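The structure appears right after this line, and notes come after that.
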Amino acid sequence: MEERRYRAVSGAPIALRRRQHSASCWELAVRGPRLQLRSLSAVTSAVWLAAYGLFVLSESSMVLSAAIFITLIGLIVYLHFVKIDQESLLVIGSLGIQVTSSYASGKESTTFIEMSQVKDVVINEAIHMQKVIYYLCILLQDPQDPQGVSEVVPLFQSSQPRLDCLMEVYKSCQEILEQRKTAPQSSGIK
Amino acid sequence: MVLKVFFPSCCSSAESGILIGRWISEQNSAVILAVVHFPFIPAQVKQYLSEVQQVTKIKVSVLGSWSNSKQEKEESLSEFLEDLGTIFSHEPWIQISKERDSKFWSCSTLQKQSNSPKEEEIILVYYDQRKVMLSHLHPPLDTTPSTDHKANDASKLAAMFDTVANSKILFMTDRYDDGPIKLTHWQSDGVEASIIVELMKQASVPACMLLTFLLSLTSAICKRRMLKFWPLPFLWSKLSTCEQLGHRLQHLQVISSNKKAQNQIQLMRKANIFVSLLIDVALGILLMSWLYRKNRIGHLADTLIPVADHVAKELQDLLQWLMGAPAGLKMNRALDQVLGRFFLYHIHLWISYIHLMSPFIEMILWYVGLSACLGLTVALCILSDIIALLTFHIYCFYVYGASVLSLLRLYCLKIYGLSSLWRLFRGKKWNVLRQRVDSCSYDLDQLFIGTLLFTILLFLLPTTALYYLVFTLLRLLVVVVQGLIHLLVDLIDSLPLYSIILRLCRSYRLAAGVKFRVLEQKHGKPLRLLMQINPLSYGSVVQTYRLPTYSCYPKDSWTSLCKKLFFGELIYPWKHKGEKQD
């Protein structure tokens with residue numbers, strides 16, 4: 001298990017944690033920047049100051065209680081549905097690839113892609129706003145056409161690591177995918 | 001190739017024995033279903049397995065041995081277990097052994113034919129047998145026999161799920177059953193037999209039969225020729241209550257049909273319809289009990305007439321305002337007066353109609369309120385129809401007198417008239433044969449008349465446009481209210497409540513897939529994974545199991561609606577048969 005520090009496309013610090021459970025099982029987790037107390041308090045105080053200004057103008061205490069509720073609900077929604085703390089990739093040889101994103105509140109959303117559906121894992125180039133960014137994605141096999149790609153599943157969408165970090169992940173993934181390519185021949189002989 | 005062993009977590013404390021399950025060779029994985037304990041007679045085990053195989057159509061076989069040594073490791077036992085591999089020939093022979101309470105099991109395979117013992121990597125995947133058995137993978141595969149094999153090849157997890165679900169018969173044997181073979185696998189703790197449930201099961205068959213009979217009777221009455229004369233079907237198609245009743249009748253027919261649901265989707269559809277019907281009726285009865293208490297119907301009827309009067313009064317004021325100089329606009333006085341008088345007369349007619357009705361309104365409401373016991377949706381549809389009837393004057397302003405003086409038609413004509421006259425003004429005309437505008441030389445008198453008409457129409461346009469605008473807005477208001485009511489009805493009709501409740505309480509029943517959790521590792525031991533079921537998200541639950549509805553409200557897009565409004569075409573509140581006409 002090792003942890004390395006990288007930077008995201010936006011320049012925020014991120015940490016890549018690699019963990020090899022066995023020869024054919026890698027776990028790669030990218031941890032994004034944590035929620036800053038500074039930004040949280042800035043947003044809260046801005047909302048409350050605005051509410052207080054309105055209260056002075058309209059002299060109704062409804063505004064203040066509404067502001068409290070809005071900040072509370074907004075915080076819950078932000079932590080539960082928006083802020084992604086960690087995105088991890090579990091690559092298990094001959095079983096599949098599991099993509100997990102854990103939210104700041106602890107909620108986890110997981111998708112598992114079976115190895116038979118995975119065609120390849122590649123790094124793509126994309127133009128985003130005015131710059132070129134790189135992203136890792138899984139190519140899914142088209143069941144009808146063995147050469148075709150039915151879908152592209154982008155990975156690490158919220159943390160957006162830079163190319164050097166993606167290379168590390170890519171190498172680990174390819175290591176396991178290589179095993180798969182050699183394996184069917186041996187079973188074919190049998 | 002990596003060997004995968006799917007092991008039921010309930011068997012982890014089983015005593016030593018042999019493992020039975022299914023070997024999926026193309027995926028190099030073994031799905032273990034149960035553990036057979038010592039002592040047993042091999043011939044009996046083989047016979048039992050062949051019996052199971054016949055019933056479940058799954059190739060169940062002995063896959064390997066399982067030793068759970070609580071004391072010191074016994075040399076003799078391990079040798080014995082290896083010997084077992086010669087009795088039950090299986091390739092490869094899987095040996096799993098657990099030492100005392102260690103979490104890490106050692107797992108090895110024996111291959112007799114290959115003389116070079118290849119070091120194979122093994123992954124142990126624990127699964128919850130009960131949850132996997134009860135869950136259904138989404139999206140459901142087509143279970144047509146031709147594509148079955150392809151589907152199995154495509155998805156190894158589906159094959160694994162199928163194996164466990166189909167071997168339900170294996171789990172039926174009781175823990176206290178003194179059969180020749182002792183098995184460990186998932187066992188339900190027994191369902192507590194409830195008298196009420198049993199009675200309901202017994203009663204459901206005659207109830208369904210009675211329902212079917214009643215339904216056939218009603219549909220026979222509905223199909224009588226007497227009800228097929230011209231005005232009636234037209235009326236039925238316009239009243240949303242009738243549509244809703246028809247829809248519910250279809251639902252009842254689906255529920256009471258004694259055909260067994262063929263697959264999971266149809267079963268869920270039946271259950272969803274049943275729950276939605278039940279909730280609908282419950283809400284309707286709740287509404288009825290609220291309405292009939294403390295003479296609320298009477299109060300409602302008493303307030304209805306003044307409200308209608310008030311609306312009419314407001315409309316009259318509006319017309320008076322329009323007949324003057326509305327918002328400082330200078331209108332064509334003569335046309336303005338004619339239009340205004342016409343509408344005033346109309347409102348007068350309407351008020352007298354309402355007053356004529358007023359003694360009967362309470363009685364009508366009382367009887368109409370009874371229909372709420374058929375369901376909230378029916379009551380809402382009736383409300384929508386009542387609104388449509390009570391605002392008939394607004395509708396009339398909008399449509400009435402298509403031949404003579406309908407505002408709408410006038411406006412409609414005008415736009416077309418204006419455009420064609422504008423072409424004449426420029427010395428062009430619309431060529432119908434070629435579908436384009438051609439230039440054309442008109443005579444002098446043609447041009448004179450055309451220009452005159454064009455000028456008159458152009459100057460009258462603001463007056464009619466204003467009337468059109470005001471009444472279209474009123475009409476739109478009514479349409480929006482009706483649309484909201486129908487949206488609510490559609491929501492109750494289409495919401496798959498049973499699936500949502502199932503997702504809420506038994507989230508493993510609707511599986512979108514699986515997720516794996518890596519358990520604690522130790523060097524030299526096989527990789528241990530815990531397979532959990534990934535429940536379907538609520539959005540896709542609703543999407544998958546949404547009940548189809550008839551839609552009452554027009555399916556116009558916003559742009560087409562605006563276009564219709566501008567060109568003065570009619571907007572209907574009810575279902576448009578336009579798909580066929582277009």
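The values are calculated or read from the model by the stated rules, or taken from the named source; none is laboratory data. These figures come from a predicted structure and were not determined experimentally. Note: ideal-geometry Cβ built from the backbone for every residue, glycine included; neighbour counts use all protein chains shown.
In the set (1) surrounded by fewer than 21 Cβ atoms within 10 Å (Cβ to Cβ); (2) within 17 Å of A:His21 (Cβ to Cβ); (3) in contact with a Leu (Cβ under 7 Å, 6 or more places away or on another chain), B:Arg528 fails one condition alone, (1).
Hey, any hits in the range A:98-111 for a residue that's over 16 Å from the mean Cα position of the chain (by Cα) and facing chain B (nearest Cβ under 9 Å)? No. When B:Gln320, B:Gln316 are checked against the criterion of being touching a helix residue (DSSP H, G or I) at 6+ places or on another chain (Cβ under 8 Å) and surrounded by fewer than 13 Cβ atoms within 10 Å (Cβ to Cβ), B:Gln320 stands alone in meeting it. When the range B:321-337 is examined, which residues are found to be touching a residue at least 24 places away in the same chain (Cβ under 8 Å) and among the aliphatic types (A, V, I, L, M)? Of everything in the range B:321-337, those that are touching a residue at least 24 places away in the same chain (Cβ under 8 Å) and among the aliphatic types (A, V, I, L, M) turn out to be B:Leu322, B:Leu329, B:Met331, B:Leu335. The number of residues in the range A:76-90 that are over 12 Å from the mean Cα position of the chain (by Cα) and within 11 Å of chain B (Cβ to nearest Cβ) comes to 1. Where helices (runs of 4 or more DSSP H) fall entirely within the range B:155-273, those with at least 1 residues that are acidic (Asp, Glu) and at pLDDT below 80 are at B:156-166, B:240-256.
Every test in (1) over 15 Å from B:Trp23 (Cα atoms); (2) of a type outside the set (Lys, Arg); (3) at pLDDT 70 or above is passed by B:Ser78 save one, and that test is (3). Strands (runs of 3 or more DSSP E) fully within the range A:1-102 that include at least 1 residues being under 28 Å from B:Gly513 (Cα atoms): A:13-22, A:25-31, A:84-92. Look at the range B:513-536: where a residue is at the interface with another protein chain (Cβ under 7 Å from one of its Cβ atoms) and a partner is assigned to a strand (DSSP E or B) and among the acidic types (Asp, Glu), sitting 6+ places away or on another chain with Cβ atoms under 9 Å, you get B:Gly513/A:Glu114; B:Lys515/A:Glu108; B:Val518/A:Glu27.
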